[in-house]
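Read the structure below first, then the notes.
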Amino acid sequence: MEAVSTEPAGIESAKAKAMKVGIDDGYAHTKLALPGGRLLVTPSRAQIGRSKISWLNQTERRIFEYETDGTLYSVGDVDAASTRFEGFACSGMNRAIVQHALQQAGLEGIDVEAVSGLPISAFYRGSGDQRSSTIADKQQNLLQPVLPKGDAQPVEIVFHRVIPEALAAWYDYVIVEKDGEATLDQRRVSVPIAVVDIGGRTTDTVVVRDQGILHDSSGSFEFGLLDVKQALAEALQARFDLEHVADRLLVRAVKQQTVRLYGSDYDVSSEVATAKQELVERLYTETRRQLGSGIELDRVLFVGGGTVALAHHITDWFPNQLIAEQPAFANARGMLKYLQFVCEKPDAS
């Protein structure tokens, strides 16, 4: 059982004016939590190379270019390359997407202190030992410089800590902010709680009891909301005899249940429902395998972007379940709270 620290620690800024940010840099979306309750989300969409688009009106620009480690990336409304590859969390593409999210948040030219995450199985081995090299690689990745092309000044991440993603949502749940003060909800800390984090590529479960992680009941499944898009793409290719289905078309299909092809709209609600149901059945089976019926748990907390998309499919899995407030941002909020109230940093001197 891995011990979890909940004792607030003093945090001295490496640079006095550095902005503290929680960064949930997922495979589908990148979510930011900033002080004052600001929450922002941008799609994790990028491709290598220039976008080859000239914007007639710069105020309507939806694709931006960033260079890191000698490679140029176009980020934004692009026909994106897949983020579902091993090593994405430590890649230049990840850095470019995070830089874009920080720029979109209005942090141009500002130094940032950040906490981000890794899936529970990428952070811990089954024994409970930390995967030190993976954690270090992820930590160093966002510290590498990323330069926006054009006049924008880069956002520099001057401090970066990595924690397990679903555990971040636990911190969000037990650390309660009110009137500018943060307190530990002692009742929530003292009872066993499971977090189910339905993400883009992975779904995590983590069980915390007596401020320790129960690794026998915690882990990651290698499927998530992006599997809905993959199944939907295959269905649309078969129905409309398409060689390729653009990512932006899939996004619209999932949200609006329609696709626009050759100037006409087509109802694809049946294909979307089937794709979602396949994922729901896999999620239910694996979640119950990990947590059983939840009889010894005080609460089963659902978080993540997948929870938003599948909310009406997961309403009755456990009698003691709860969908977090704004569940897509639970990890990012918890990462920010961890940075503000828990994280210990090396002395800047």
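Every read-out reported here was derived from the displayed coordinates using simple, explicitly stated rules and does not represent laboratory data. Computed from a predicted structure; not experimentally measured. Backbone-built Cβ (ideal geometry, glycine too); neighbour counts: all protein chains shown.
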Taking only the Cα positions of the stretch 193-349, the convex hull volume per residue in Å³ is 157
Cα extents of the chain along the three principal axes, largest first (Å):
58, 50, 39
Any DSSP H helix in the chain with Cα axial reach of 20 Å or more and mean Kyte-Doolittle score of at least 0.0? Listed by number, the hits are 226-240
What are the principal axis extents of the Cα atoms in the stretch 265-349, in Å, biggest first?
61, 43, 19
Could you give the length gained by full extension between L143 and T315, i.e. 0.36 nm per residue of separation minus their alpha carbon distance, to one decimal place?
57.9 nm
In the stretch 237-334, the GluC sites (Glu not before Pro) that sit in a DSSP loop and have at most 15 other Cβ atoms within 10 Å of their own Cβ are E243, E296, E325
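If you stretched the chain out fully between Q186 and R288, how much longer would it get, using 0.36 nm times the residue separation minus the C-alpha to C-alpha distance?
Gain in length upon complete extension: 34.0 nm.
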I need two numbers for the stretch 227-277: Rg to one decimal and Dmax as a whole number, Cα atoms only, in Å.
9.6, 29
Round to the nearest 0.05 the FRET efficiency obtained for T258 and Q326 when R0 = 35 Å and r is the Cβ-Cβ distance.
0.85
Computed, not fitted: 222 nm per-residue ellipticity of the chain from DSSP H runs ≥ 4 (each -39500 (n - 2.57)), nearest 500, equal to -9000 deg cm²/dmol
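So between E344 and Q211, what do we pick up on full extension, going 0.36 nm a residue minus the alpha carbon distance?
Working it through step by step, the gained length comes to 46.1 nm.
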May I ask for the longest run of the chain untouched by chymotrypsin sites (Phe, Trp or Tyr not before Pro) that are loop-located per DSSP and have at most 12 neighbouring C-beta atoms (other than their own) within 10 Å?
86-261
What does the convex hull of the Cα atoms come to per residue for the stretch 78-167, in Å³?
109
